[in-house]
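One structure below.
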Amino acid sequence: MLNTSDNLHTAPAAVNGFFGIFSGHMATDDRLQVGHRIRKLRERRGLSREELAERVGVHAGSIARWETGGSVPHAYTLERIAEACGGSAEYIRTGAGGDEPVAAAEEAGDGDVFSSLDAVVRFVEGMAPRGQERLRKLDALEGLRRMLTARGALPDWWYELKERVENGRL
Amino acid sequence: MEDFDDVAVLGAAHRLVEQARGVVGAYAGPLAPVRIDQVTELLTEAGCHVETFTFQSDTVAMVLPRCDGVYPILINRAAEHTDRVFALRHELAHVMAGDVDGPVFLANEGYMAPEERVADLFALADLVPAWWIAEVRRGNTPWREVKRQIALAVAEYAEWWPPQRFGDRAELRLRLYREHGV
């Protein structure tokens, strides 16, 4: 079980009171808890931030900001998030309701700080850096081309480098 | 498990923050994160030239050795905005630390190298600022929970990181706060 302080698990009146008004008035701890629950519901649903953002009709950056406690969504948006994630707005707001036992059970899994980032693990494991070296060299050359061109003529050595990279000699 | 010299990493990151504050006093301060124009001021002072375009590779950013009098910092336009915000500070740290003997990529491999950890920590000192950590800590929130919240905040800037990198950076960021007051 996460070793969260009691004040983070309670649902102070401020949570309900300031939803839909100014999230900036909500205590940081409350915002963090709301964000944590949004993330938990999203991950349970198997949605990326981008996918959730598309369903809710907001930018992915907004999802990230809410999940990390930067701010809290408007009440209407909160309902849409809950609907998209198959949860309840009440759970997101207060931590209470039908989703809580599931969320608590997930938290109790191993108590590892990063256990909620399984999706990231799978993503990273699926990435292969092989084949990236040549592309990185081409990127570096393109960056140099842009910079040097803006400053004057492209020097001869740039063309030589480009030819070597393209032919696998560098 | 490799035995890292965390004391050296923390000390180096703290020195870089102080160095940055010599140019932009607000870096990693009470109003952090600093504005983009303040980051630009830091980059200019360090002799960097930034180019943003869409990469062919999966790299978020790279910094190249000094060329034509400047250090080219290349940012992948295809990367998320938050990734780019992080990348600018990260690559700036490499230049300030004098790490750039060859191309330095911001990517998944090699991220546990000391210079990469210092560069990440320098960026996180501003992006996950001390005032925010203090707010999370208010009410005697357990340090373990504070660290978890830091990890979540870090994820906002670099969701693609491997878990070990999250753990290491969250731990380092918390130590920079507790031991250096940054």
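All of the numbers you see were taken from the coordinates with simple rules; none came from a lab. Source: prediction; values computed, not measured. So basically every Cβ, Gly included, is an ideal-geometry build from the backbone, and we count neighbours across all protein chains shown.
Here are the numbers for this structure:
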{"item": "Segments B:59-72, A:30-43 sorted - mean Cβ within 10 Å per residue, highest first", "result": "A:30-43, B:59-72"}
{"item": "Built amide H within the under 5 Å cut-off of B:T52, gap 5+", "result": "B:I75"}
{"item": "Averaged over B:148-155, number of beta-carbon atoms from partner chains that fall within 10 Å", "result": "6"}
{"item": "Where labels lie 7 Å past Cα in the beta-carbon direction, separation of B:A113 and A:D156 in nm", "result": "3.3 nm"}
{"item": "Derived scalar couplings ³J(HN,Hα) [region A:55-64; Karplus, 6.51 cos²θ - 1.76 cosθ + 1.60; whole Hz; x for Gly, Pro]", "result": "5, 8, x, 10, 7, 4, x, 5, 4, 4"}
{"item": "Candidate lysines - alpha carbon under 17 Å from A:K162, same-chain residues fewer than 8 apart omitted", "result": "A:K137"}
